[in-house]
Amino acid sequence: MLTRIDHIGIACFDLDRTVEFYRATYGFEVFHSEVNEEQGVREAMLKINDTGDGGASYLQLLEPTREDSTVAKWLAKNGEGVHHIAFGTADVDGDAADIRAKGVRVLYDEPRIGSMGSRITFLHPKDCGGVLTELVTSAAAEH
Ligand code: MC0
């Protein structure tokens, strides 16, 4: 069951400059940052609020680390802006299977590693009204 907005992914050309915009404009601080080589991104997670399911909602700022990454390709075409939304669930495997059975393309056969050790998969934007959609089970929810 999808129980929260886990994060909104925002693509940017310059992560440090964008982090500073969110700090100076809204007062949001970086909760966590990392490089995800598989996904080709450097990212900063800005925690916005805790959620009723024991998780939290974040803004995820994404800068590509290589030109052939999905985010670099998206930025070249669209410029900076909202890249994807992510729903949180305690069971990414089960929810992905249920959604696949409804005819929506799930991009990975098995969830991959996302931010902060989470397990993630994506739904194809062309099957989701133009919205790249991610499903996330946080590392904490698995223990
Ligand atoms: C592409 N399209 C999008 C889109 N990306 N539409 C809405 N939102 C997006 N973010 C559209 C394109 O405009 C195009 O439409 C069509 O989908 C095909 O796109 P493409 O440019 O030809 O690119 P593909 O087909 O090679 O790849 C698209 C696909 C890819 C969604 C399969 O981006 C993908 O695998 N994304 C999932 C992984 C990802 O994005 N990772 C980065 C975040 P037209 O109409 O022009 O045909 S990593 C992350 O977020 C992790 C770290 C985490 O949360 O923990």
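Worth a mention:
For (1) in a helix (DSSP H, G or I); (2) in contact with a Pro (Cβ under 6 Å, 6 or more places away or on another chain); (3) closer than 17 Å to GLY54 by Cα; (4) not β-branched (Val, Ile, Thr), each residue gets a yes or a no:
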| residue | (1), (2), (3), (4) |
| --- | --- |
| HIS84 | no, no, no, yes |
| PHE87 | no, no, yes, yes |
| GLY94 | yes, no, no, yes |
| ASP98 | yes, no, no, yes |
| ASP109 | no, no, no, yes |
| THR121 | no, yes, no, no |
| VAL136 | no, no, yes, no |
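- Filter result for VAL71 (within 14 Å of the ligand (Cβ to nearest atom) and either in contact with a strand residue (DSSP E or B) (Cβ under 7 Å, 6 or more places away or on another chain) or assigned to a helix (DSSP H, G or I) (or both)): yes
- Those residues of region 32-47 which are touching a helix residue (DSSP H, G or I) at 6+ places or on another chain (Cβ under 9 Å) and assigned to a strand (DSSP E or B), in sequence order: HIS32, SER33, GLU34, ASN36, VAL41, ARG42, GLU43, ALA44, MET45, LEU46
- Candidate set: region 98-130, residues that are small (Gly, Ala, Ser) and closer than 23 Å to GLU38 by Cα; chosen: the one farthest from the ligand (Cβ to nearest atom): GLY117
- For region 85-143, filtering for residues that are touching a residue at least 12 places away in the same chain (Cβ under 8 Å) and on the phi > 0 side of the Ramachandran plot leaves 3.
- Search result, residues across region 100-113 that are exposed (fewer than 14 other Cβ atoms within 10 Å of the Cβ) and closer than 19 Å to SER138 by Cβ: TYR108, GLU110, ILE113
- Scope region 60-99; condition under 16 Å from LEU2 (Cα atoms), hydrophobic (A, V, I, L, M, F, W, C) and surrounded by 13 or more Cβ atoms within 10 Å (Cβ to Cβ); matching residues: ILE85, ALA86, PHE87, ALA90, VAL92, ALA96, ILE99
- Going through (1) free of Cβ contacts under 8 Å to residues at least 40 places away in the same chain; (2) closer than 20 Å to ASN36 by Cα one by one, LYS77 falls short only on (2).
- Leading residue by the ranking (surrounded by the fewest Cβ atoms within 10 Å (Cβ to Cβ)) among those in region 4-18 that are within 16 Å of the ligand (Cβ to nearest atom) and not in a strand (DSSP E or B): PHE13
- In region 44-68, the residues that are more than 13 Å from the ligand (Cβ to nearest atom), charged (D, E, K, R) and under 16 Å from the mean Cα position of the chain (by Cα): LYS47
Quick note: the coordinates plus some simple rules give every number you see, no bench work behind them. Please read these numbers as outputs of a predicted model, since none were measured by experiment. Quick reminder, even Gly has a Cβ in these numbers, built from the backbone with ideal geometry, and neighbours come from all protein chains shown.
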